[in-house]
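S.K.: Before anything else, here's the structure in question.
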Amino acid sequence: MILDADLKAQLAQYLELMEGDVLLKVSAGSDEASRDMMELMDELATMSSHIKVETTELERTPSFSVNRIGEDTGITFAGVPLGHEFTSLVLALLHVSGRTPKEDQKLMDQAKNLEGEHHFVSYVSLSCQNCPVVVQALNVLSVLNPNVTHTMIDGATFKEEAEANNIMAVPTVFLNGESFGSGRMTLEEILAKLGSTPDASEFENKDPYDVLVVGGGPASASAAIYAARKGIRTGIVSERIGGQVNDTAGIENFISVKRTEGPKFAADLEEHVKDYDIDVMNLQRAKQLERKQDFVDIELENGATLQSKSVILATGARWRQLGVPGEEEFRNKGVAYCPHCDGPMFEGKHVAVIGGGNSGIEAAIDLAGIVKHVTVLEFSPELKADSVLQERLNSLPNTTVVTNAKTTEITGDDNVNGITYIDRESETEQHIELDGVFVQIGLLPNTDWLGNAVERNKFGEIVIDRNGATNVPGVFAAGDCTDDRNKQIIISMGSGANAALNAFDYLIRN
């Protein structure tokens, strides 16, 4: 039995929501993955009278397609979609059966009106928490538009194909045989990449806000909800709802929630925000802030300008880059930033982790269970990670720690083949031959666009007081973009609430 009892019980509840019959066309061989796939197909068929199974020959084996009776929907799973992709399978069954996807109607209309043939292929890892977002979005496109097809390929099952296509990061998506993109992409983001996105004209007639929140992460969501609960006109302008949380694997320190995953946490934030009368403007990047008499103007990169009586800056942070030759050239070709997503692509290989803090050592520990060998490079004379993590790392037989190491170059041909560093103690140059480099050296605040509009410290962080206020009247800030010392989700959410409450107080007094 490939599904355990608890998973089957949960699945049974979902399958009761199917509205019509679904035909699974299965292409299987005699290999272990094919046997697992057939076992999964048989279990699904016994659990719902709406599910039929027939054998066929598809482009890849093992694989199966999910179809309406008498109609191919274009959804194919190459590999056994368990792990993080099990939800993608369940949703495909529901949507193909006729159940309406839980997407904004405007987005679904955009998907239905998409012109031209679009044949997507996505390479994923079953341990990647971002991959299902892409898989589910492309599957929804396929359900809504008969000219769209999508094949999900498990890189571990089709390892030779993944290597032949130089897949070293997941998710990686191809469209009509050409590279389309990599990393987490929602349906809205995919449609935008295909040219379907709002322009400045859609923002022309928006009334000024009482509070406008810039950013889409935990601090932003908290600030917007607290503001909206005060009954004032509230808006969010965000490049990506969920922010950096979307790229977080496991979250175990959000009090009262024992464990969750970043993409789920981000989705929950979005759903909570949508419960309130908040004008959410997603996929929009702020370009400039300027205080003008009674309002603060936020200019967007699409040319539109939004006005608000007060603004809360909650733009978060991004992964800090090494800034050495080879880093950008070999990004997604051996240079990676997410060990949970991309680690499986380096199975049996030698990799380096740059950074000896908690995130770096946690990455090294996780990778050690997948790759042949992990070398940790730390700039300082000693690791900065918690002692319990260092003890765990030192207990592993396939890890090496190099301290006093200043990385100077990532080398390679088509892909990464090594890393060069200076031993700061002996001042000698060293080189290690390896296949991948995972950069884990902290965060940079997303505040470059502000220039001198508000006070920032030497690290680029927005300087705030105990009220979350900046040096500009009516402009507040919260979360990882500020000079708050500790960068944690729970702290960001608290600072977002604090900023919103004090913005409301500002509005009353002014």
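The values are calculated or read from the model by the stated rules, or taken from the named source; none is laboratory data. Everything quoted here is computed from the prediction, not taken from an experiment. Cβ placement follows ideal geometry from the backbone for every residue including glycine, while neighbour counts extend to all protein chains displayed. Keep in mind that these areas ignore ligands, DNA and RNA; they rest on the heavy atoms of the full protein, side chains included. Shrake-Rupley method; radii C 1.70, N 1.55, O 1.52, S 1.80 Å.
S.K.: Find the eigenvalues of the gyration tensor of the Cα atoms of the stretch 5-194, then list the square roots of 5 times those eigenvalues as equivalent ellipsoid semi-axes, largest first, in whole angstrom.
M.R.: Taking √(5λ) for each Cα gyration eigenvalue gives 23, 21, 15 Å.
S.K.: Find the all-direction average of the projected area of the Cα convex hull for the stretch 335-439, expressing the result in square nanometres with one decimal place.
M.R.: 6.0
S.K.: For the chain, what does the accessible surface come to per residue with a 1.4 Å probe? Please give it in Å².
M.R.: Here the per-residue accessible area is 46 Å².
S.K.: Hey, which of these cross-link pairs are over 31 Å Cα-Cα: Lys230/Lys287; Lys112/Lys274; Lys264/Lys487; Lys264/Lys292?
M.R.: Lys264/Lys292
S.K.: Suppose a student asked you for the relative contact order of the stretch 335-439, using Cα pairs under 8 Å spaced at least 6 residues apart; what percent would you report?
M.R.: So the answer I get is 30 percent.
S.K.: For the charge dipole of the stretch 118-270, defined by +1 on Lys and Arg C-beta atoms and -1 on Asp and Glu C-beta atoms about the Cα centroid, which residue among Ser222, Ser125, Gly250 has the Cα displaced farthest towards the positive pole?
M.R.: Ranked along the dipole, the leading option is Ser222.
S.K.: Follow-up question, since we're still on this one. In percent, how large is the relative contact order of the chain, given Cα pairs closer than 8 Å and 6 or more residues apart?
M.R.: The normalised contact order for the chain reaches 12 percent.
S.K.: Next up: At a threshold of 8 angstrom on Cα-Cα distance, excluding pairs fewer than six apart, so keeping six or more, what relative contact order does the stretch 5-194 reach in percent?
M.R.: 20
S.K.: So for the chain: antiparallel DSSP bridges make up what percent, rounded to the nearest 5?
M.R.: Given both bridge residues lie in the chain, the antiparallel proportion sits at roughly 50 percent.
S.K.: For Glu57, Glu329, give me the order by solvent-accessible area with a 1.4 Å probe, most accessible first, ignoring ligands, DNA and RNA.
M.R.: Glu57, Glu329
S.K.: Enter the accessible area of Ile370 (Å², nearest 10), with the probe set to 1.4 Å and all protein chains included.
M.R.: 60
S.K.: May I ask for the Kirkwood hydrodynamic radius of the chain, worked out over all distinct Cα pairs and given in angstroms to one decimal?
M.R.: 24.7
S.K.: Whole Å is fine, so just give me how far the alpha carbon centre of the stretch 463-488 lies from that of the stretch 183-233.
M.R.: 20
S.K.: Of His272, Val402, Gly369, which is farthest towards the positive pole of the chain's charge dipole, taken about the Cα centre with +1 and -1 on the beta-carbons of Lys, Arg and Asp, Glu respectively?
M.R.: Checking the options against the dipole of the chain, the answer is His272.
S.K.: Given the Cα-Cα distance of Glu347 and Thr403 and 0.36 nm per residue of separation, how much length would full extension add, in nm?
M.R.: 17.7 nm
S.K.: Continuing with this model, one more query. Express in Å², to the nearest 10, the accessible area of Lys264 obtained by rolling a 1.4 Å probe over the protein heavy atoms while all chains stay in place.
M.R.: 110
S.K.: Right, something else. Relative to 2.2 N^0.38 Å, what does the C-alpha radius of gyration of the stretch 105-209 come to as a ratio? Two decimals please.
M.R.: Here the Cα radius of gyration is 1.21 times the empirical estimate.
S.K.: Computed FRET efficiency, Cβ-Cβ of Ala164 and Asn510, R0 51 Å: what is it to the nearest 0.05?
M.R.: Using R0 = 51 Å, I get an efficiency of 0.20.
S.K.: Residues of the stretch 336-380 with amide nitrogen under 13 Å from the 7 Å Cα-to-Cβ point of Gln321?
M.R.: 336-337
S.K.: If you take the charge dipole of the chain about its Cα centre, with +1 on Lys and Arg Cβ and -1 on Asp and Glu Cβ, which of Leu93, Gln488, Phe77 is farthest toward its positive end?
M.R.: Of the options given, the answer is Gln488.
S.K.: Here is a follow-up. Given the convex hull of the Cα atoms of the stretch 401-510, what is a quarter of its surface area in nm²?
M.R.: For the stretch 401-510, averaging the hull's shadow over all directions gives 10.4 nm².
S.K.: Moving on to the next point. Between Thr56 and Asp294, how high is the FRET efficiency from 1/(1 + (r/R0)^6) when r is the Cβ-Cβ distance and R₀ = 56 Å? Nearest 0.05.
M.R.: With a Förster radius of 56 Å, E is 0.25.
S.K.: Protein chains only, probe 1.4 Å: how do Arg35, Arg229, Arg320 rank by accessible area, largest first?
M.R.: Putting Arg35, Arg229, Arg320 in descending order of accessible area: Arg229, Arg35, Arg320.
S.K.: What percentages, rounded to whole numbers, describe P(r) for the stretch 212-262 computed over all alpha carbon pairs with 5 Å bin width beginning at zero?
M.R.: The percentages, shortest bin first, are 5, 21, 22, 20, 16, 13, 4.
S.K.: Using +1 on the beta carbon of Lys and Arg, -1 on that of Asp and Glu, and nothing else charged, what's the dipole of the chain about the Cα centre, debye to 20?
M.R.: My answer is approximately 1460 debye.
S.K.: Could you pull the accessible area for His119 with a 1.4 Å probe, rounded to 10 Å²?
M.R.: We get 80 Å² for His119.
S.K.: Round to a whole number: what % of the accessible area of the chain belongs to carbon and sulfur, probe 1.4 Å?
M.R.: That fraction is 44 percent.
S.K.: Gain in length, Ser201 to Asp386, computed as 0.36 nm per residue apart minus the alpha-carbon separation, to one decimal in nm?
M.R.: 61.5 nm
S.K.: Can you tell me which of 3-9, 278-284 comes out highest on packing, and rank the rest after it, using the mean Cβ neighbours within 10 Å?
M.R.: 278-284, 3-9
S.K.: Taking Cβ-Cβ under 4.7 Å as the only way to count a partner, pick out the unpartnered cysteines of the chain.
M.R.: Cys481
S.K.: When all alpha-carbon pairs of the stretch 351-398 are counted, what percent fall beyond 18 Å?
M.R.: I get 16 percent for the Cα pairs in the stretch 351-398 exceeding 18 Å.
S.K.: Of all DSSP beta bridges located in the stretch 335-439, what percent are antiparallel, nearest 5?
M.R.: Expressed as a percentage, antiparallel bridges in the stretch 335-439 total about 45.
S.K.: I've got another one for you. Going Cα to Cα from Lys52, which lysines come in below 24 Å? Please leave out same-chain ones fewer than 8 positions away.
M.R.: Partners found: Lys8, Lys25.
S.K.: Still on this structure: At R0 = 56 Å, how high is the FRET efficiency between Asp6 and Gln307 if r is their beta carbon distance? Nearest 0.05 is fine.
M.R.: 0.60
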